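Below: one structure, written as structure tokens.
The values are calculated or read from the model by the stated rules, or taken from the named source; none is laboratory data. Fair warning: this is a prediction, and the values are worked out from it, not measured in the lab. Cβ atoms come from the backbone with ideal geometry, glycine included; neighbour counts cover every protein chain shown. Areas reflect the complete protein model, heavy atoms only, side chains present, ligands, DNA and RNA absent. Shrake-Rupley method; radii C 1.70, N 1.55, O 1.52, S 1.80 Å.
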Amino acid sequence: MSEDCMIRPVEPATTGIGLVAPFDFALDRELWRWLPAHVDLYATRLPHLPDPVSVELATALSDPRGVRNATRDILAPEPSSVAYSCSSGSFIDGAAGEAAIVAAMFDAGAPAAVTTSGAMVAALTELGARRVALVTPYVDAITDKLVDFLAAFGIATTARYDLGLSGGIWKTSYADVRTAVSAVDTSGADAVFIACTNVPTYDLIAPLEAQLEVPVLTANQVTMWAAMRDAGITGVDAPGSLFADRGEDLTAA
């Protein structure tokens, strides 16, 4: 048999993304879908907290000490970047709180560090979006904090729709997301952002963008985009305007 006809083994992945998630995160499968075949995902979770989804729970999840410890746990397989994959836990204490989480991740030894909320701002900036319509699964008090967080970066909220859930957010269906998006006024918005990494959105982004004619950003999308950007992963084929230039060098984004 000639060498050209031999079946060659597939080389193992050489790049990995480290993921720190809240204890109730349930969408690991969705996060894998954002990654090219040559990239691995290493995930760990914060300790369980028996509280409803509230400002108090989000504040507990924002503790830099817990994120620092989890980041140390995920460094053993040597990821190229580490993401704290939680929307509310990274915006609840404002810009200073988000910066403290990133600092804690670097202090733990992360080679690069992002949070979902920091990635959200970076993605909106990348697309030149300064006005955003929000769709969230949260109670109003949590979304109020998101509006304040965006305002600190000069991004105005034009409209919002909250599902008002205090638990079981991962059970939100695609139909629920479509209904929520249809209920928010997108006129005057440069983009729509769908919050919470426990809300499934992967298959909805492209059709929603076609329907609304504005970029649609989601928590898991921006988290993985920023983590791959910082890891130097290029040419990602994924849905949405954020990945429109699929041949670009994401390290230059």
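Data table
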item: Identity of the residue in segment 182-200, of a type in the set (Val, Ile, Thr) and touching a helix residue (DSSP H, G or I) at 6+ places or on another chain (Cβ under 6 Å), that ends up farthest from residue 50 (Cα to Cα); result: 186
item: The one condition in (1) surrounded by fewer than 17 Cβ atoms within 10 Å (Cβ to Cβ); (2) outside any helix (DSSP H, G or I); (3) touching a residue at least 24 places away in the same chain (Cβ under 8 Å) that residue 135 fails to fulfil; result: (1)
item: Test: residue in segment 141-148 that is within 18 Å of residue 115 (Cβ to Cβ), in contact with a helix residue (DSSP H, G or I) (Cβ under 6 Å, 6 or more places away or on another chain) and open to solvent by less than 10 Å² (accessible area, probe 1.4 Å); result: yes
item: Pair list, Cβ < 6 Å and 6+ apart or interchain, from segment 62-75 residues that are part of a helix (DSSP H, G or I) to residues that are among the hydrophobic types (A, V, I, L, M, F, W, C) and open to solvent by 30 Å² or more (accessible area, probe 1.4 Å); result: 64/100
item: Failed criterion for residue 94 (all others in (1) more than 15 Å from the chain's Cα centre (by Cα); (2) within 30 Å of residue 175 (Cα to Cα) hold); result: (2)
item: Selection from segment 155-192 of residues that are of a type in the set (Val, Ile, Thr) and free of Cβ contacts under 8 Å to residues at least 40 places away in the same chain; result: 155, 157, 158, 172, 179
item: Meets criteria (loosely packed, with under 14 Cβ neighbours inside 10 Å and farther than 28 Å from residue 148 by Cβ) for residue 37; result: yes
item: Residue list for segment 170-188, restricted to those being surrounded by 21 or more Cβ atoms within 10 Å (Cβ to Cβ) and in contact with a Cys (Cβ under 9 Å, 6 or more places away or on another chain); result: none
item: Hey, residue 221 of a type in the set (S, T, N, Q), surrounded by fewer than 19 Cβ atoms within 10 Å (Cβ to Cβ) and under 22 Å from residue 33 (Cβ atoms) or not; result: no
item: Odd one out for residue 236, checked against (1) over 21 Å from residue 173 (Cα atoms); (2) in contact with a helix residue (DSSP H, G or I) (Cβ under 6 Å, 6 or more places away or on another chain); (3) open to solvent by 10 Å² or more (accessible area, probe 1.4 Å); result: (3)
item: Residues satisfying the stated conditions in segment 189-212, i.e. open to solvent by 40 Å² or more (accessible area, probe 1.4 Å) and not in a helix (DSSP H, G or I); result: 190
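One line per residue, one yes/no per condition, for (1) within 24 Å of residue 50 (Cβ to Cβ); (2) touching a Ser or Thr at 6+ places or on another chain (Cβ under 9 Å); (3) aliphatic (A, V, I, L, M); (4) surrounded by fewer than 15 Cβ atoms within 10 Å (Cβ to Cβ):
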{"position": "76", "(1), (2), (3), (4)": "no, no, yes, yes"}
{"position": "84", "(1), (2), (3), (4)": "yes, yes, no, no"}
{"position": "92", "(1), (2), (3), (4)": "yes, yes, yes, no"}
{"position": "118", "(1), (2), (3), (4)": "no, yes, no, no"}
{"position": "123", "(1), (2), (3), (4)": "no, no, yes, no"}
{"position": "127", "(1), (2), (3), (4)": "no, yes, yes, no"}
{"position": "163", "(1), (2), (3), (4)": "yes, yes, yes, no"}
{"position": "168", "(1), (2), (3), (4)": "yes, no, no, yes"}
